[in-house]
Amino acid sequence: SAVISQKPSRDICQRGTSLTIQCQVDSQVTMMFWYRQQPGQSLTLIATANQGSEATYESGFVIDKFPISRPNLTFSTLTVSNMSPEDSSIYLCSVVGPTNTGELFFGEGSRLTVL
Amino acid sequence: AQSVTQLDSQVPVFEEAPVELRCNYSSSVSVYLFWYVQYPNQGLQLLLKYLSGSTLVESINGFEAEFNKSQTSFHLRKPSVHISDTAEYFCAVKRANFGNEKLTFGTGTRLTIIP
């Protein structure tokens, strides 16, 4: 399995500000996925981050709102820009397991509350 | 594209009673199927998975799920639940043999165990 650390674990933010979430993995991985889990909802994929290339965003998510960095094979960041209360969610980083059999391993998540 | 339907958003069950959480999927190609569990204020953990072979898969804590291709289902069962099973359960699907692809999640089922 992969061990994934996310920072911050939770934060309370003011409307209009931006926050960067960090994701550190204990092994090298090709792809990292950023999911959003809104209150009481399921997980929705925001984007897929490959090392050395631009992230691929899902429908409804744009780079200006959720810029992603992937500087190396063990680290990624997701920024939530110009936040509004609708951005209050849990943001989860995930990676494909080392055996590449398809399951994703998840970090503990970053719980953001926007006032 | 693949999709997952979890018909029950909430399932209350008495302690030591059996439970079944339903999951149906839609796909035109072969798939891998997963059940994840999310305990309160925690990240997602893989409970069990079906990749190929035996259609009945088991977890270490007594849950099992059966892949039924004709009914496109992957229902999760446990013969006797405990208070500690209280959690949100998510069914997920991805294309088989595409290890680096995203997972598509269902909307989740909240399992509440009644003492």
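Percent of C-alpha pairs per 10 Å bin in the protein assembly as shown, short distances first: 8, 32, 35, 20, 5, 0. Taking the charge dipole of the protein assembly as shown about its Cα centre, with +1 at Lys and Arg Cβ atoms and -1 at Asp and Glu Cβ atoms, the residue from A:PRO71, A:GLY107, A:GLY40 reaching farthest to the positive side is A:PRO71. Think of it this way: in the protein assembly as shown, A:CYS13 stand alone, with no other Cys Cβ under 4.7 Å. Here the protein assembly as shown is assigned +1 on the Cβ of each Lys and Arg and -1 on the Cβ of each Asp and Glu. Its dipole about the Cα centre then comes out at about 360 debye.
Quick one: what do you get for chain B if you divide its Cα Rg by 2.2 N^0.38 Å?
On the way: Rg = 13.6 Å, N = 115, 2.2 N^0.38 = 13.4 Å.
The value comes to 1.02.
Considering only alpha-carbon pairs that sit under 8 angstrom and 6 or more positions apart, the relative contact order computed for chain A is 37 percent. Volume of the convex hull of the stretch B:68-111 (Cα atoms only), normalised per residue: 109 Å³. Take the Cβ-Cβ distance between B:VAL29 and A:GLN14 as r, set R0 to 45 Å, and report the resulting FRET efficiency rounded to the nearest 0.05. Given R0 = 45 Å and the Cβ-Cβ separation, E is 0.50. Taken along its three principal axes, the alpha carbon spread of chain A comes to 41, 26, 23 Å, from the longest extent down to the shortest. When the Cα positions of B:PRO115, B:GLY43, B:VAL93 are compared along the charge dipole of chain B, B:VAL93 comes out farthest toward the positive end, with charges on each C-beta of Lys, Arg, Asp and Glu.
Each of B:ILE60 and A:GLU86 was given a label point 7 Å from its Cα along the Cα-to-Cβ line. The distance between the two points is 4.2 nm.
Read the figures in this text as sums done on the coordinates, not as results from a lab. If you're wondering where the values come from, they're calculated on a predicted model, not measured in any experiment. Counting neighbours? That spans all protein chains shown, and the Cβs are built from the backbone with ideal geometry, glycine included.
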